[in-house]
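The values are calculated or read from the model by the stated rules, or taken from the named source; none is laboratory data. Just so we're clear, the structure is a prediction, and the values are computed from it rather than from any experiment. As a convention, Cβ positions derive from the backbone with ideal geometry for all residues, glycine included, and neighbour counts pool all protein chains shown. In case anyone asks, the SASA skips ligands and DNA or RNA and just uses the protein heavy atoms, side chains included. Shrake-Rupley method; radii C 1.70, N 1.55, O 1.52, S 1.80 Å.
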Amino acid sequence: MARKEAVTQLKQILIRRRDALRKALAGDLSSLKELRQQTSGDMMDAAMDSAQDEISSQLAEVESRELAHIDVALERMRHGDYGTCEGCGCGIPLARLQALPYATMCITCQREAEKNGDVINPGSKQMFDFGIDSDASTGDVEIDIS
């Protein structure tokens with residue numbers, strides 16, 4: 001399959017994922033509003049509602065980030081620079097794009113950025129170091145309902 005055909009297929013995948021995320025986010029946000037409007041029966045219910053709200057909020061944040069990456073990928077397709085690494089300017093291998101259609105860097109540049117603690121803002125060609133705490137993982141969530 002030619003790269004151009006593969007990019008066309010990836011565009012369709014990105015559009016379907018974008019639409020699904022938008023629908024999910026609209027549902028997540030409306031259900032969060034409904035949960036906040038309901039009154040809880042006791043302290044345990046309130047704690048559980050609060051924990052559920054936090055989890056839903058974090059999921060919405062992750063989905064929002066993915067949606068931003070997808071929007072950037074679609075914009076890069078419109079401008080003709082989709083599949084070009086923002087780090088080194090070389091072409092991103094098709095296998096990487098098929099695995100992660102909104103990738104903006106080749107594996108080598110991505111690994112280097114992660115090793116250095118650099119974060120690429122979606123759509124930006126600038127790297128920022130946010131001084132991430134090495135003891136905490138972005139996937140770690142602690143909820144104490146005691």
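A few remarks follow.
- For segment 16-33, the condition of being open to solvent by 70 Å² or more (accessible area, probe 1.4 Å) and at pLDDT below 80 holds for at least one residue.
- Tally of residues being farther than 14 Å from T8 by Cα, of a type in the set (D, E, K, R) and either modelled with pLDDT of 95 or more or part of a helix (DSSP H, G or I) (or both) across segment 72-92: 0
This table checks each residue for (1) surrounded by 14 or more Cβ atoms within 10 Å (Cβ to Cβ); (2) assigned to a loop (DSSP other than H, G, I, E, B); (3) small (G, A, S); (4) modelled with pLDDT under 95.
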position	(1), (2), (3), (4)
A51	yes, no, yes, yes
E54	no, no, no, yes
L59	no, no, no, yes
S124	no, yes, yes, yes
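- Per-region count, segment 99-110, residues open to solvent by 30 Å² or more (accessible area, probe 1.4 Å) and farther than 15 Å from H69 by Cα: 2
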